[in-house]
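Each reported figure results from applying straightforward, stated rules to the coordinates on display, with no laboratory input. Nothing here was measured: the structure is a model prediction, and the numbers come from that model. Neighbour counts are summed over all protein chains in view; Cβ atoms, including those assigned to glycine, are modelled from backbone coordinates with ideal geometry.
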């Protein structure tokens with residue numbers, strides 16, 4: 001399964017929840033699944049497998065990863081010491097495209113990913129154009145002058161889509177941020193049962 005590129009509000013309605021990393025829009029205006037049945041199309045009760053799939057889809061779509069990319073993150077989370085579910089959430093939050101979004105650059109993770117890929121982000125003063133780069137504790141994230149002058153980016157820096165997380169120390173003068181600590185479980189911006197995601201892959205990895 002590739003990275004989701006379809007109508008964003010449609011996927012919010014299908015999942016029955018908002019995904020701030022995917023879009024700032026909300027699917028709550030129509031609190032029923034998409035389809036020709038309209039409001040009469042009630043949500044079906046999920047099976048046990050469906051519950052596992054649902055949690056997996058929430059995370060994968062919110063952070064904008066393809067199936068292959070997400071599988072690699074799960075493998076790394078299982079390889080590291082500690083709880084695999086907590087490791088998974090931390091690794092997703094540490095991705096450079098997500099960190100750039102959480103510091104207030106861009107309207108969504110896809111928007112932040114584009115900014116990173118175009119070479120407008122620096123780590124400790126050096127340009128990094130790899131969205132999957134893992135930002136580590138103590139690293140400084142800064143922007144090029146060109147992207148700071150962008151009207152949309154300038155506005156989101158003043159009013160970020162989400163409250164900046166405690167693991168980032170933001171410098172409003174230079175519009176830069178430093179990861180002062182590793183992301184914690186509570187820094188994940190959506191409700192998710194990460195243990196079900198690990199179980200979902202337990203028979204596949």
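Assuming R0 = 25 Å, can you tell me the calculated FRET efficiency for the pair residue 169 and residue 134, based on Cβ-Cβ distance, to the nearest 0.05? Mind showing how you got there, number by number?
On the way: r = 18 Å, r/R0 = 0.73.
Once the sixth-power term is evaluated, E becomes 0.85.
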Taking max minus min of the Cα coordinates of the stretch 93-185 on each principal axis, largest first, gives extents in Å of 32, 24, 24
So for R0 = 25 Å, FRET eff. of residue 68-residue 182 from the Cβ-Cβ r, to 0.05, ends up at 0.50
For residue 144, placing the label point 7 angstrom along Cα-to-beta-carbon and taking the stretch 150-193, residues whose amide nitrogen sits under 14 Å are 150
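Subtract the Cα-Cα distance of residue 53 and residue 79 from 0.36 nm times their separation in residues, and report this length gain in nm to one decimal.
Details: separation 26, 0.36 × 26 = 9.36 nm, distance 2.18 nm.
Stretched out fully, the residue 53 to residue 79 stretch lengthens by 7.2 nm.
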